[in-house]
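The values are calculated or read from the model by the stated rules, or taken from the named source; none is laboratory data. This structure is a prediction, so every number in the text was calculated from the model and none was measured. Glycine gets a Cβ as well: all are built from the backbone with ideal geometry, and neighbour counts include every protein chain shown. Only protein heavy atoms, including side chains, enter the accessible area calculation; ligands, DNA and RNA are left aside. Shrake-Rupley method; radii C 1.70, N 1.55, O 1.52, S 1.80 Å.
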Amino acid sequence: MADRRLQVFHTVARLMSFTKAADALHMTQPAVTFQVRQLEEQFNTRLFDRGRNRISLTAAGARVFEYADRIFGLYAEMEQGVRELTGDISGALTIGASTTIAEYMLPTLLGDFKKRYPEIGIHLKVSNSEGIVSLVERNAIDLGVVESPVANRHLVVETCKQDELVAIVPTGHDLAIGSRVACRRVLEYPFICREEGSGTREVINDYLDEMVGGTGALKVAMELGSPEAVKGAVEAGMGVSIVSKVTVQKELKLGTLVALRLEPPLFRPLSFVHQKHKFRIRVMEELLEFARAYCKGNTTQ
């Protein structure tokens, strides 16, 4: 319903990229540029300063972006207001989650949510944290759940719980004699780590930067793309690793891995991330309220 030129401008301003906006809107880049120029002609002023490899909003562009944000929020409120009058809470949401969260935390939450709201359709996309934030930025998903900090100030980021990361070693390993381990001891052994872009890897890197002056001290033996692969490599005696505590509950019960609390302890926030206007959609509000209550009842100790 909104002015197409304004929609295109809003997407470019939010992503700060004509190329990314074209991808998100399923348009060609020349078509995106044409729509923005039409809006600039309407206002008789430039809305973007175009540099060599980057763009930025002019003062007028920042003002238009502010109003556009409010306009699209009102559209969402209008649609939801009509649905509430007609008693319609049905709809569909696309959620994106990093691998660890999707495999070990979301199944129970989404299962319980579907029992309460069977009329709401849920679609789940899985990627690493960097990929999920990108999907939110491009409006390809409604809600992201990630395990690393989010730098985009145009997105809403809400911490839902704290997740503890622990060192894991195979049964019979030299470090398996205690329940805790200093991070410097972990560095003495070959290390199995996640791929670049993984939230887990980013948090570990930040931790080591603070504790021992950098990740250069790590003896990286292997980079793997999933928690299951990391655990399998550690079980096979190929090295040690640091993973979310929730991912190794089965292995701890089976006795194939030993988890050691790091000294100092390592925690990371698990966060919801979405665009500002998305929160005004009723199905999103219902899911966020449900997820908040779930996180409070399942806080990592």
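The trypsin sites (Lys or Arg not before Pro) found in the stretch 27-82 that occupy coil by DSSP, while having at most 16 further C-beta atoms within 10 Å, are Arg46, Arg52, Arg54.
Using 0.36 nm per residue and subtracting the Cα-Cα separation, the extra length available between Arg261 and Thr28 on full extension is 78.8 nm. Note: the stretch 50-175, Cα convex hull, 169 Å³ per residue.
Ranked from largest to smallest solvent-accessible area, with a 1.4 Å probe on the protein heavy atoms, Tyr104, Tyr189, Tyr67 come out as Tyr67, Tyr104, Tyr189. Cβ distances below 4.7 Å define possible disulfide partners, and in the chain the cysteines left without one are Cys183, Cys193. Shown for the stretch 53-167: the carbon plus sulfur share of the solvent-accessible area, taken with all protein chains present and a 1.4 angstrom probe, equals 52%. Each of Leu187 and Glu223 was given a label point 7 Å from its Cα along the Cα-to-Cβ line. The distance between the two points is 2.0 nm.
When nucleic acids and ligands are ignored and a 1.4 Å probe is applied, Cys295 ends up with an accessible area of around 10 Å². Looking only at GluC sites (Glu not before Pro) in DSSP loops with at most 13 other Cβ atoms within 10 Å, what is the longest site-free stretch of the chain? So the longest stretch without any such site is 1-118.
The convex hull built on the alpha-carbon positions of the chain has an orientation-averaged projected area of 18.3 nm². Computed with the Debye formula from one identical point scatterer per Cα of the stretch 141-267, without solvent, the log10 of I(q)/I(0) at q = 0.12, 0.16 Å⁻¹ comes to -0.45, -0.78. DSSP beta bridges fully contained in the stretch 1-124 are about 40 percent antiparallel.
Remark on Gly225: its backbone amide H falls under 5 Å from none of the residues 5 or more positions apart or on other chains, H modelled at 1.01 Å from N. Given contacts defined as C-alpha pairs under 8 Å and at least six residues apart, what's the relative contact order of the stretch 143-301, whole-number percent? Here the relative contact order equals 45 percent. Listed by chain and number, the aspartates and glutamates whose C-alpha is less than 13 Å from the C-alpha of Lys219, apart from same-chain residues fewer than 8 away, are Glu188. Net length available on complete extension from Arg63 to Thr171 is 32.8 nm, with 0.36 nm assigned per residue and the Cα-Cα distance removed. Computed on the stretch 208-269, with alpha-carbon pairs under 8 angstrom and 6+ residues apart, the relative contact order is 19 percent.
Of His123, His173, the order by accessible heavy-atom surface (1.4 Å probe, DNA, RNA and ligands excluded), from most exposed downward, is His123, His173.
Ordering Tyr67, Val36, Gln7 by the projection of their Cα atoms onto the charge dipole of the stretch 1-72, which places +1 on the Cβ of Lys and Arg and -1 on the Cβ of Asp and Glu, puts Val36 at the extreme positive end. Normalised per residue, the accessible area of the chain is 49 Å², obtained with a 1.4 Å probe and no contribution from ligands, DNA or RNA. Dividing the summed helix terms, -39500 (n - 2.57) for each DSSP H run of n ≥ 4, by the number of residues in the chain produces a 222 nm estimate of -14000 deg cm²/dmol to the nearest 500. Between Asp112 and Thr45, the FRET efficiency estimated from the beta carbon spacing at R0 = 51 angstrom works out to 0.50. Residues whose amide H falls under 5 Å from that of Lys125, counting only those 5 or more places apart or on a different chain, are Ile95, Gly96, Ala97, with hydrogens built in the peptide plane.
Taking the Cα centre of the stretch 137-178 as origin and assigning +1 to Lys and Arg Cβ atoms and -1 to Asp and Glu Cβ atoms, the resulting dipole is close to 140 debye.
Straight-line cross-link reach from Lys296 at under 17 Å between alpha-carbon atoms covers these lysines, not counting any fewer than eight positions away in the same chain: Lys161. For the stretch 112-201, the alpha carbon convex hull comes to 172 Å³ per residue, rounded to a whole number. Comparing the stretch 190-243 with the 2.2 N^0.38 Å rule of thumb, its C-alpha radius of gyration ratio is 1.06 (two decimals).
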